[in-house]
Amino acid sequence: MQTLLQTLADRRGDLLTALWQHLGISLTALVLAMVIAIPLAIWAVRRPKWAEGLLQLTSVLQTIPSLALLGLLIPLVGIGTVPAVIALVIYALLPIFQNTYLGIAEIDPSIEEAADAFAMSRMRKLFKVELPIALPQIIAGIRTALVLIIGTATLAALIGAGGLGTFIMLGIDRNDTPLLLIGAISSALLAILLSALVRWFQTAKPRQALVMFGVIVALLGGGGAYSVYANRVETVTIAGKLGSEPDILINMYKELIEAQDKHVKVTLKPNFGKTTFLYSALKNDQIDIYPEFTGSVLETLVKGQNPKRMTAKQTYQLAQKRLRQQADMRLLKPMRYNNTYALAVTAQFQREHHLKTISDLNRVEGLLKPGMTLEFIDRNDGLKGLKKAYGLDVTAKSMEPALRYEAISKGRINLVDAYATDSELRQYNLKLLKDDQHFFPTYQGAPLMKASFAGQHPQIVRALNKLAGQISETDMQEMNYEVNVQKRSAAKVARAYLVKHHLLTTGAE
């Protein structure tokens, strides 16, 4: 409990930002779903065949897995808030449409006949008779949709839309239970609070409800207006992938850029998502810079056959050339460390079976119980290619990055994929096996940006190039350890390194 409270105190600013993002996404989606579903249900009441088809359609839409839906939307509308809101609207349609339709369709026919006897027009009967009677059921549908939206909105963090899901993803990635609990509990409390608020609207007097609605709209609108005002000056937006290492790097970028030019405002978007999400955001001008790896560029972002056994310099030069030719992007000079893929086992398993290289795994193939990330399993420079290169016949369980380390520490698996700078290698005393066939490409980190942005901001290029050739694999693993295990903030760890290595002229923290 003490650790949870301390984490909450340290992260209160981030939590307020995430709460505001989550609230904005959720309420926007709810209002849009109501605007679509309620009129559609009213229209369908007099058209039973259409109503049945619409009920089936909204039911089918709700069965689409949320990750699949987000994946389908990204090529159409990019990443960030827009696809998140669209997905949430789609999930909210069924309860609102169904409850509105049934609430009106199931009104006692004698009441409808009485309204007709008084010669009420269609609209007058709707607003004076049908909607008031159906209102409790409509409100129930809205409450159901709201709870569904708030729970599902945690996935918005996967595509750079922020929200409370950021805490949950961080908690999973860093095996940090307090962060996970903060995200989950906050999401649950928000759902309970807003559900109670919707119920209050149902019983409140019209004037009170109108005033409260106006306050909510003013708050949301005011936040949006302030955001527009605050962004009148040019800002540089830097994003990072999930994990401590990208978080450390983007904080270094921020420090170096702001030290170079005091008039530049840098906005950070940590834990923005996976490689393809950030690359899409960069192409669509949603971000300006993010840290990428030379090997990832060649394997994931550009087209072309890659020669085998390239040196680190050759890998960088080829990645830079293809980015320039195929996407008009610029990859700045890389850092020293090579955060390549690797295979790791426990120190005990290594000793028992005298393992030094990946080739040695052939001798113990029948004893292997691999647990690996889904991305590694599916990549040609991952398990697919590795099995061919080393003649291995193994099947790996797919696991979340942090969970595979926990599983190997408890003996549930005995072989994992890893990155050379993972802090968990030190934390769990894991041993890397030498890539004796030189299968894995070089993965050196470097800032990626559009060529046009680099041309317009030479001072930013100069600032970031100070990291060229800096940071060893030991340095990076130690910094990851400080963030993941010792729970220091990425910003403080980044600043301490820059000051220690004289890359910042300002004093230490």
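A few remarks follow.
- Flag if R426 is touching a Phe, Trp or Tyr at 6+ places or on another chain (Cβ under 6 Å) and either farther than 26 Å from F293 by Cα or among the charged types (D, E, K, R) (or both): yes
- Of the helices (runs of 4 or more DSSP H) lying entirely inside the stretch 371-441, those carrying at least 3 residues that are surrounded by 18 or more Cβ atoms within 10 Å (Cβ to Cβ) are 383-390, 401-409.
- The set of residues in the stretch 353-377 that are at pLDDT 95 or above and among the acidic types (D, E) contains only D360.
- Taking each residue of the stretch 129-144 that is under 16 Å from L197 (Cα atoms) and in contact (Cβ under 8 Å) with a residue 40 or more places away in the chain and looking for partners that are among the hydroxyl-bearing types (S, T, Y) and in a helix (DSSP H, G or I) with beta-carbon atoms closer than 6 Å, six or more apart or interchain, yields I138/T100; R143/S195.
- The criterion of at least 1 residues that are surrounded by fewer than 17 Cβ atoms within 10 Å (Cβ to Cβ) and either basic (K, R) or not assigned by TED's automatic domain parsing to the domain that holds P83 (or both) is met by the following helices (runs of 4 or more DSSP H) wholly inside the stretch 108-164: 122-125.
- Filter result (in contact with a Leu (Cβ under 7 Å, 6 or more places away or on another chain) and either modelled with pLDDT under 90 or part of a loop (DSSP other than H, G, I, E, B) (or both)) within the stretch 288-309: V302, N306
- Taken over the stretch 452-472, the residue count meeting the criterion of being surrounded by fewer than 16 Cβ atoms within 10 Å (Cβ to Cβ), assigned to a helix (DSSP H, G or I) and of a type outside the set (S, T, N, Q) is 3.
- Within the stretch 267-285, the residues that satisfy the criterion of being farther than 23 Å from S489 by Cβ and small (G, A, S) are S280, A281.
- Residues in the stretch 267-277 include at least one that is buried (at least 20 other Cβ atoms within 10 Å of the Cβ), at positive phi and modelled with pLDDT under 95.
- Selection of the stretch 7-50 for residues being over 31 Å from the mean Cα position of the chain (by Cα) and more than 23 Å from L148 (Cα to Cα) yields W43, A44, V45, R46, R47, P48, K49, W50.
- Considering residues of the stretch 51-74 that are under 21 Å from the mean Cα position of the chain (by Cα) and of a type in the set (V, I, T) only, the residue modelled with the highest pLDDT: I64
- Out of K333, K321, one residue alone is in the same structural domain as P291 (by TED's automatic domain parsing), surrounded by fewer than 19 Cβ atoms within 10 Å (Cβ to Cβ) and in a loop (DSSP other than H, G, I, E, B). It is K333.
The values are calculated or read from the model by the stated rules, or taken from the named source; none is laboratory data. Quick caveat, the model's predicted, so the values are computed rather than measured. So basically every Cβ, Gly included, is an ideal-geometry build from the backbone, and we count neighbours across all protein chains shown.
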